[in-house]
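Written below as structure tokens is the structure these notes are about.
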Amino acid sequence: MRTPLRILLGLLVATMLLGATPRLYAAASAPAWEVLRVNNDDTDTPGDDIPPFEIEVRDGYIYVLASQQMKVEVFTILGQLVTSRKIQPGVVRLKLDNRGIYIIKGAGNTRRVNL
């Protein structure tokens, strides 16, 4: 009787441990970040009326237009981290393999995009 009890206890512990580990984003390949333009003009400081970053979605790409250096994080709608990167002021293009709704965080702002 002790063997089935040990097996059951082992399965219970394994299930608890596996359930507690974060699951990775199941993409076919890693998300591809591509720098399209870098703003090197240090005389341009963002004012109060210029947003720190803007997001556009076109042709299956997510374009991030940043007015300052920042860390950008991309999450699934369920809160799983897909990718993150520190970007320079300018324009960065991101290609994700899976279509869906994503949450993009950067410079204290959050945006939702449909890809």
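The values are calculated or read from the model by the stated rules, or taken from the named source; none is laboratory data. Everything numeric in this text was worked out from a predicted model, so none of it was measured. Methodologically, a virtual Cβ is constructed for each residue, glycine included, from the backbone with ideal geometry; neighbour enumeration extends over all protein chains shown. Heads up: the accessible areas ignore ligands, DNA and RNA and are worked out on the full protein's heavy atoms, side chains in. Shrake-Rupley method; radii C 1.70, N 1.55, O 1.52, S 1.80 Å.
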(message) Quick test of your reading of the structure: residue 51 fulfils all but one of (1) under 15 Å from residue 111 (Cβ atoms); (2) modelled with pLDDT under 70. Name the failing condition by number.
(response) (2)
(request) Give segment 61-73 a look and list any residue that's among the small types (Gly, Ala, Ser) and open to solvent by 20 Å² or more (accessible area, probe 1.4 Å), or say none. (result) 67
(message) For the structure I just gave you, tell me whether residue 46 is surrounded by 11 or more Cβ atoms within 10 Å (Cβ to Cβ), modelled with pLDDT under 80 and touching a Ser or Thr at 6+ places or on another chain (Cβ under 6 Å).
(response) yes
(request) Report whether or not residue 103 is open to solvent by less than 70 Å² (accessible area, probe 1.4 Å) and modelled with pLDDT of 95 or more. (result) yes
(request) Please go through segment 74-83 and pick out each residue that is open to solvent by 50 Å² or more (accessible area, probe 1.4 Å) and outside any loop (DSSP other than H, G, I, E, B). (result) 81
(request) For residue 20, state whether it is open to solvent by 60 Å² or more (accessible area, probe 1.4 Å) and at pLDDT below 50. (result) yes
